[in-house]
Amino acid sequence: METPKNPTPVNQRIREGLSRVAMAMRTDDWNRAKTSGLNPTQLAILELLEGREDGLSVKEIAANLGVSQPTATDSITALERKGFVAKRSAGTDKRGVNVGIAPEGLSVLEAVRSSQSVAEQSVDALADHEQEDLLITLVKMIRHLQEIDAIPIQRMCASCRYFAPFSHSDVAQPHHCNFVNAAFGQRDIRIDCREHETADPASRAATWDVFQQG
Ligand code: SF4
C-alpha cells in the first residue's frame, strides 16, 4: 500500500504528473488540429518547420517528432497535397530535398493559435515566480534529454551561439541575446526560437555552466 510515509520515488511521481499533463495536451492537439482539417502529427510538422527557411529533411522531421520516417512521409505528403508545405533543395546539398512551410501553412498556424490551449490556461493559473521556475526546470530537463541523445538539439537559448547568460548585473534582465543585442530575463528564455543558431559543443558546455550556476 502506498502512503505519504512510503511513497513511490519522486522521479516516478513527477513522470506520472507529466504524463497527466501530456494527456491533456494530446487532447488539445487533436482539437486544435481538427479545426484546420489536420491531425496532430501534421500540425506538429507545421510548427516544427515555422521559421526554418531552409526547411528540414524527412529524416530530421521524423527525429524531431519522435516518429518513424514512413509516418513523417505520409504526413508530409498530406500537407503537400493541401499546399501547406513545399519541397525545396537542401541548402548546399543540391541533390538533397528539404521540406519547408508554405504561406498557407503559416496561415493555418496563425488560425490555430488564436484560441488558448488548456495547457496554456493551466500555466496561467500559476504565480509568476512559479511559471519562471517551471520554465527553467523544463529547459534543464530538455537539455538533459538532448545530452543523452533522447531528442535532437532544440532551438533553445541554452544551445544558441547568441546566448550570453548572466552577463548583466540587472537581476531582472541578466542575460544577453547577441542576435538582437538586448538584455532579457529568465522568463524570456526561449524553448523554440526562430533566430536560434546552434553553438559548437565546447561553447554550449561553457554557456551551460554559466547558466546553471547563475
Ligand atoms: S537568438 Fe533566440 S535562442 Fe538565441 S539567444 Fe537570442 S533569443 Fe535566445
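Tabulated results
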item	result
Area projected by the alpha carbon convex hull of the chain, averaged over all directions, nm²	15.1
Estimated FRET transfer efficiency (THR71, LEU109; beta-carbon r; R0 30 Å; 0.05)	0.90
Under 18 Å from the Cα of LYS34 - lysines, other chains or at least 8 residues apart	LYS82
Partners for LYS87 among aspartates and glutamates (Cα-Cα distance below 16 Å; same-chain residues under 8 apart left out)	GLU50, GLU53, ASP54, GLU60, ASP74, GLU104
Computed helical MRE - 222 nm, the chain, DSSP H runs ≥ 4 contributing -39500 (n - 2.57), nearest 500	-16000 deg cm²/dmol
P(r) of the stretch 10-112 over all Cα-Cα pairs, binned every 5 Å from zero, in whole percent	2, 13, 21, 21, 18, 10, 7, 5, 2, 1, 0
Gyration tensor verdict on the stretch 127-213 (Cα atoms; rounded if a/c is under 1.5, prolate if a/b is larger than b/c, oblate otherwise)	oblate
Max mean-square fluctuation residue, GNM over the chain, Cα-Cα springs under 10 Å, options ALA44, ALA150, ALA62	ALA150
Amide H within-cut-off set for SER117, under 5 Å, with H built and near neighbours excluded	none
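A short reminder: the numbers here are calculations on the coordinates, not readings from a lab. The structure displayed is predicted, hence computed values, not measured ones. Quick reminder, even Gly has a Cβ in these numbers, built from the backbone with ideal geometry, and neighbours come from all protein chains shown.
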